[in-house]
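Data block below; observations after.
The values are calculated or read from the model by the stated rules, or taken from the named source; none is laboratory data. In this text, all values refer to a predicted model and were calculated from it rather than measured experimentally. Here the Cβ positions follow ideal geometry from the backbone for every residue, glycine too, while neighbour counts run over all protein chains shown.
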Amino acid sequence: MKNKLLKLALFALVAVLPFAFTSCDGDDDNGGGGNPTLVEDGFYIKGEGTALTALDSKGMLKVTRNEVLQEERAALLEMYIAVKAGDKGFNIVEVAGAATKVYGPGADFAEITGTALDAEEPNQGLWKGSYAETATAFTVPTDGLYHVVIDKELKKVAVAKVVWGLIGAATPGGWSGSTALTEGAFDLNKITFELAEITMLENEYKLRYSNGWKIILDAEFDLGDGKKGIKVNTNLGGALDNLVPGAGNIANTKYGVYKATITWELGKAYAASLTWVKDGEPLATYPEALYLVGDATAYAWDSPSTHADAIMHKCAGGAPSEGIFWKILFIEGTKGFKVSEADWGTVNLGFAEVNEFDADGVTVTDNNGNMSVADNGMYIIVVNLQNKTTKISVKPAEVYGIGDAFGGYNEAVAANKFTADNTAKTLTSPAVTANGNIRMYAEHAWIPEWWNAEFNVFNGVIEYRNDGGDQEAVPGTAGQVITLTFDNNTGTIQ
């Protein structure tokens, strides 16, 4: 009776542990002839160019977020894996019970370069296309860490070279560019990226790799409710001890110099740290606010800050654009204007207080100590206080539409430029070309990125991004026209 009960117990144990046993069949390398090494159903990386030379739970691709919705998509899978250069590479193996299918590159799988590479995709090496049932391996040209992504529904795959960096208002490059971490010694099981010293402001940041925000598998896939696209996050946020693809910004709470690290280890979550090293150099200080005044403006010679609409706008993006202020307004030619802090504060700029006028701008002349231009018009005035100097540019105002409602994210497209009306003192857009979210910005060579000087119309009021984050979406309809009156910061979309 005892022997019978023992046999029954062993039978039950085998039944509940289907993934724990390995075949002794020595001539089967799991290349597609069944699943003798029993693992959970799913998609796996396996290859002689990796540490995963047999099917292993550490090699299983995991469900990840679609960047478009920042929600998990069951068909979208990813994994980070160290790969050796050469012809060994790896395959993707689909396991379904005892059966396996081995996938490699499809006929259209290729490196994405030039204009085919979207500006928001990783740029250190990106390969995309279909995957097909074949023993041909995916290979890479250099040893390193790679991000492998597939979409089971689309039957598409992407492989991207990973070089981690920091980006954000807290970092030296602001939101305009990543500060790369140095890749440590190549190892198939563990790779660390590190920067011994990076100066971090008290502000927000994220980790992203190879200067990209996302990989685009399909830009037009219909998700419903007007949303389109299957895209994979190439950035991590949330918290250093709980990094999540595409999650929110991470807060740095103290200015200083830090050591930054992020470590990939096979089968484990990323481990990242920001460790205090020393105090940072004294920071440059800039006025909290600057205002336009003068009889050349709508604000007369009333004390600066009397008119809220006279305020100049800060730039988004962090360090590269700090100390730059801008404003669009109507200026009457031959009359005077100044730039000043509130109540004629410390920064009080007439003609003599400016160290340099923009050689590419209109001529600015001395008008009894004030500044003046020759002709009436809609102008942008930009003040740059960086590097302990004072520069001013006055140029005819340029505003452009950009984004879905204007046909894409190419900058300074002539067809999307607003038209100035010096009689009405307005700038008016061309008709919106598509249904989609409206975005617009002021163009100027001293402003690093288009979104640094972004704004939009909310309930008839122009609201500016300034030094903040993304604004709420403003949906537009094809055929609508935007009219902006900057002197009183009002606008219409109709």
- Return the residue satisfying two criteria in turn: it lies in segment 435-462 and is touching a Gly at 6+ places or on another chain (Cβ under 8 Å) and assigned to a strand (DSSP E or B), and of such residues it is surrounded by the fewest Cβ atoms within 10 Å (Cβ to Cβ). V461
- Message: Given the criterion surrounded by 23 or more Cβ atoms within 10 Å (Cβ to Cβ) and in contact with a Leu (Cβ under 6 Å, 6 or more places away or on another chain), identify the matching residue among Y209, Y205.
- Response: Y205
- Name the residues in segment 156-197 that are charged (D, E, K, R) and either more than 21 Å from G318 (Cβ to Cβ) or surrounded by 24 or more Cβ atoms within 10 Å (Cβ to Cβ) (or both), would you? K156, K161, E183, D187, K190, E194
- Selection within segment 152-185 - farther than 29 Å from D470 by Cα, out of contact with any Lys or Arg (no Cβ under 8 Å at 6 or more places or on another chain) and touching a residue at least 60 places away in the same chain (Cβ under 8 Å): K152, E153, L154
- Item | Members of segment 445-462 that are out of contact with any Phe, Trp or Tyr (no Cβ under 9 Å at 6 or more places or on another chain) and closer than 21 Å to L290 by Cβ | A445, P448, V461
- Task: Those residues that are part of a loop (DSSP other than H, G, I, E, B) and either charged (D, E, K, R) or within 23 Å of T485 (Cα to Cα) (or both), I need them from segment 308-341; list them, please.
- Result: M312, C315, A316, E322, E332, G333, T334, K335, G336, E341
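Could you pull out the residue among G491, G479 that is more than 25 Å from A119 (Cβ to Cβ), without any contact (Cβ under 8 Å) to a residue 60 or more places away in the chain and assigned to a loop (DSSP other than H, G, I, E, B)?
Values: G491 fails: assigned to a loop (DSSP other than H, G, I, E, B).
Exactly one of G491, G479 is more than 25 Å from A119 (Cβ to Cβ), without any contact (Cβ under 8 Å) to a residue 60 or more places away in the chain and assigned to a loop (DSSP other than H, G, I, E, B), namely G479.
For (1) among the hydroxyl-bearing types (S, T, Y); (2) modelled with pLDDT under 95; (3) over 29 Å from the mean Cα position of the chain (by Cα), each residue gets a yes or a no:
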position: T50; (1), (2), (3): yes, no, yes
position: T64; (1), (2), (3): yes, no, no
position: M79; (1), (2), (3): no, no, no
position: T100; (1), (2), (3): yes, no, yes
position: G104; (1), (2), (3): no, no, yes
position: I112; (1), (2), (3): no, no, no
- Quick one: what pairs do we get from segment 329-357, first residue free of Cβ contacts under 8 Å to residues at least 40 places away in the same chain, second surrounded by 18 or more Cβ atoms within 10 Å (Cβ to Cβ) and among the charged types (D, E, K, R), C-beta under 6 Å, 6+ apart or different chains? G350/K338
- Message: For the list (1) touching a residue at least 60 places away in the same chain (Cβ under 8 Å); (2) more than 25 Å from Y464 (Cβ to Cβ), I need the number of the one condition that A219 fails.
- Response: (1)
- Query: Name the residues in segment 219-243 that are more than 20 Å from P172 (Cα to Cα) and in contact with a Leu (Cβ under 6 Å, 6 or more places away or on another chain), would you?
  - Reply: I230, L243
- Note on the structure: Residues of segment 413-427 being surrounded by fewer than 16 Cβ atoms within 10 Å (Cβ to Cβ) and either part of a strand (DSSP E or B) or in the same structural domain as E220 (by TED's automatic domain parsing) (or both), in sequence order, are T419, D421
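Restricting attention to segment 108-117, which residues are touching a strand residue (DSSP E or B) at 6+ places or on another chain (Cβ under 7 Å) and either within 11 Å of T134 (Cβ to Cβ) or surrounded by fewer than 16 Cβ atoms within 10 Å (Cβ to Cβ) (or both)?
D108, F109, A110, E111 - these are the residues of segment 108-117 that are touching a strand residue (DSSP E or B) at 6+ places or on another chain (Cβ under 7 Å) and either within 11 Å of T134 (Cβ to Cβ) or surrounded by fewer than 16 Cβ atoms within 10 Å (Cβ to Cβ) (or both).
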- Message: With the structure loaded, tell me whether G345 is at negative phi and among the small types (G, A, S) or whether it fails that test.
- Response: yes
- Message: Among (1) surrounded by fewer than 17 Cβ atoms within 10 Å (Cβ to Cβ); (2) in contact with a Phe, Trp or Tyr (Cβ under 8 Å, 6 or more places away or on another chain), there is one condition R465 misses while meeting the rest; what is its number?
- Response: (1)
- Item | Filtered residue count, segment 134-149, keeping only those that are assigned to a loop (DSSP other than H, G, I, E, B) and aliphatic (A, V, I, L, M) | 3
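Filtering segment 61-95 down to residues that are farther than 24 Å from G224 by Cβ and acidic (D, E), which residue is surrounded by the most Cβ atoms within 10 Å (Cβ to Cβ)?
Step by step, filter segment 61-95, then rank; the result is E94.
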